[in-house]
Amino acid sequence: MRISVIGCGYLGAVHAASMASLGHDVVGIDVDAGKVARLAASTAPFYEPGLPELLAEVSGTGRLTFTTDMAQAAGAQVHFLCVGTPQKHGEFRADLSYVESAFEALRPHLAPGDVVAGKSTVPVGTAEDLAARLTGSGAVLVWNPEFLREGFAVQDTLHPDRLVYGLPTDDEGVPTPEGDAARALLDEVYATPLGEGTPLVVTDYATSQLVKVAANSFLATKISFINAMAELCEATGADVTSLADAIGYDARIGRRFLNAGLGFGGGCLPKDIRAFMARAGELGVDQALSFLREVDAINMRRRVRMVDLAREVSAGSIVGKRVAVLGAAFKPNSDDIRDSPALSVAAQMQLQGAHVTVTDPQAVENARVKWPDLKYAASALEAAQDADVVVLATEWDEYRDLVPDELGEVVAHRAIVDGRNVLDPKAWRAAGWTYRALGRP
Ligand SMILES: NC(=O)C1=CN([C@@H]2O[C@H](COP(=O)(O)OP(=O)(O)OC[C@H]3O[C@@H](n4cnc5c(N)ncnc54)[C@H](O)[C@@H]3O)[C@@H](O)[C@H]2O)C=CC1
Ligand SMILES: O=C(O)[C@H]1O[C@H](OP(=O)(O)OP(=O)(O)OC[C@H]2O[C@@H](n3ccc(=O)[nH]c3=O)[C@H](O)[C@@H]2O)[C@H](O)[C@@H](O)[C@@H]1O
């Protein structure tokens, strides 16, 4: 099937390449000419494991092209909207201006029977607004939220946990004939994962949009729950990692997303819970989500606590101290620095008078653009040269595997703060390090 993918960022580029690998004929469209040029040359414009291989696999088949020209969307039967919905500057609400402009640019190129499939994460009500604007065109809007994780984006796109279609429905919630036709097209797009038994939830617009923000809110809540327990552990000398293991064995709770530490960042969880709260306020049900304020607050407190711990292991002050921060990406296996807890902590310490050097296997280039005043190093050993304190902020494998004595040789003082609870305290202490962590003794 011919498909267009509008917006080729972390979501869209992977979606476009994945759909081409499933045998579809795909045009990826983006306003960023640099990104389009790199993708057209089969080069991934960001770090995502598996994406270079996928681009290489489909290059030469002629099934994947990229352009800045929206007119190239004409002729595609399904158009995936994958543009960004960041937090609006100075507000909790989502900035829908990219969705607006992409949708309006696409509209003149739609033909009767075309499906516009929204994938961006949007406030509930957005799909209804967009659908109304298609009235009379013969094109149909569906909402098809995306649940991929960065770092596993290819795998999650090709083998999703579930697919969700939000279709136009009548007053009784039954899909309209146009909705049924759109569903048939989506079934064709996703024939391979559906054939592998991927669960499919077919629902209405409102539910499909809510599913996405509900999922991210649940994940954020799970992380903040364990980080709240970490605060209790710090006050009592308990160990949050053992606590997480013990409660995680209960299948009703589950161990995943119970890793306490510096908390969640990235281009999705933080802005999605805030936009959800803002939307609930607009709908007059803000109380229903008031707990998300606390989820956000717990999360942000971890960053402050991390700076406090760095101060504690630096004889009570970081002023003039050399700090090595290991990690800049918001999580390992990504170069994404959007709302990165690591960089937020690095910047705070710099602001408070420390000399901070940051390193990351993939994200230094992005970090340097956003935070030009921080110093950067190519490796952990280089960053830690003469350091008074080492701060592990993003749990890349190469930081988990650091050898205490090797790192100990280059630092000025053997003091480390483990912001992700991934190091073995015994091994580090045995090598003469002062070891502190978030939530364990
Ligand atoms: N990154 C992720 O892991 C996931 C993201 N999402 C959602 O997907 C959406 C996109 O997120 P990302 O890919 O991370 O953002 P991104 O910022 O990496 O990519 C957005 C892309 O849209 C392009 N764009 C902006 N306006 C455009 C227009 N008028 N026409 C064509 N292209 C345009 C930008 O140049 C950019 O390349 C957001 O709503 C996000 O919440 C959902 C699931 C996973
Ligand atoms: O809507 C989105 O864009 C995506 O947001 C998240 O994916 P992602 O942001 O890529 O990363 P996660 O793996 O969810 O991690 C988010 C943050 O939580 C932190 N985290 C995660 C797990 C954990 O146990 N503890 C913890 O602090 C990570 O370090 C990271 O900063 C969701 O997991 C995806 O399902 C969703 O599609």
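Odds and ends about this structure:
- Residue match in region 312-328 (condition: over 19 Å from Val122 (Cα atoms), open to solvent by 20 Å² or more (accessible area, probe 1.4 Å), more than 16 Å from ligand 1 (Cβ to nearest atom) and in contact with a Phe, Trp or Tyr (Cβ under 9 Å, 6 or more places away or on another chain)): yes
- From Arg279, Arg256, Arg301, residue being within 15 Å of ligand 2 (Cβ to nearest atom), farther than 29 Å from Gln352 by Cα, out of contact with any Phe, Trp or Tyr (no Cβ under 7 Å at 6 or more places or on another chain) and basic (Lys, Arg): Arg256
- Extreme residue, surrounded by the fewest Cβ atoms within 10 Å (Cβ to Cβ), among residues of region 215-253 that are within 16 Å of ligand 1 (Cβ to nearest atom) and without any contact (Cβ under 8 Å) to a residue 60 or more places away in the chain: Phe218
- Taking helices (runs of 4 or more DSSP H) as the structural unit, those lying wholly within region 177-242 and holding at least 3 residues that are β-branched (Val, Ile, Thr) correspond to 205-236.
- As for region 114-121, it holds at least one residue that is away from ligand 1 (no atom under 14 Å from the Cβ) and farther than 21 Å from Thr207 by Cα.
So that you can scan it fast, the table gives a plain yes or no per residue for (1) within 24 Å of Arg302 (Cβ to Cβ); (2) open to solvent by 40 Å² or more (accessible area, probe 1.4 Å):
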position: Ala367; (1), (2): yes, no
position: Glu382; (1), (2): no, yes
position: Asp388; (1), (2): yes, no
position: Thr394; (1), (2): yes, no
position: Asp397; (1), (2): yes, yes
position: Val403; (1), (2): no, yes
position: Ile416; (1), (2): yes, no
position: Asn421; (1), (2): yes, no
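- Selected residue [away from ligand 2 (no atom under 15 Å from the Cβ), at positive phi and of a type in the set (Gly, Ala, Ser)] from Gly320, Gly327: Gly320
- One residue from Phe92, Phe103, Phe80 being of a type in the set (A, V, I, L, M, F, W, C), touching a helix residue (DSSP H, G or I) at 6+ places or on another chain (Cβ under 7 Å) and more than 11 Å from ligand 1 (Cβ to nearest atom): Phe92
The values are calculated or read from the model by the stated rules, or taken from the named source; none is laboratory data. Just so it is clear, the model here is predicted, and its values are computed rather than measured. Glycine gets a Cβ as well: all are built from the backbone with ideal geometry, and neighbour counts include every protein chain shown. What goes into the accessible areas is simple: the full protein's heavy atoms, side chains included, and nothing from ligands, DNA or RNA. Shrake-Rupley method; radii C 1.70, N 1.55, O 1.52, S 1.80 Å.
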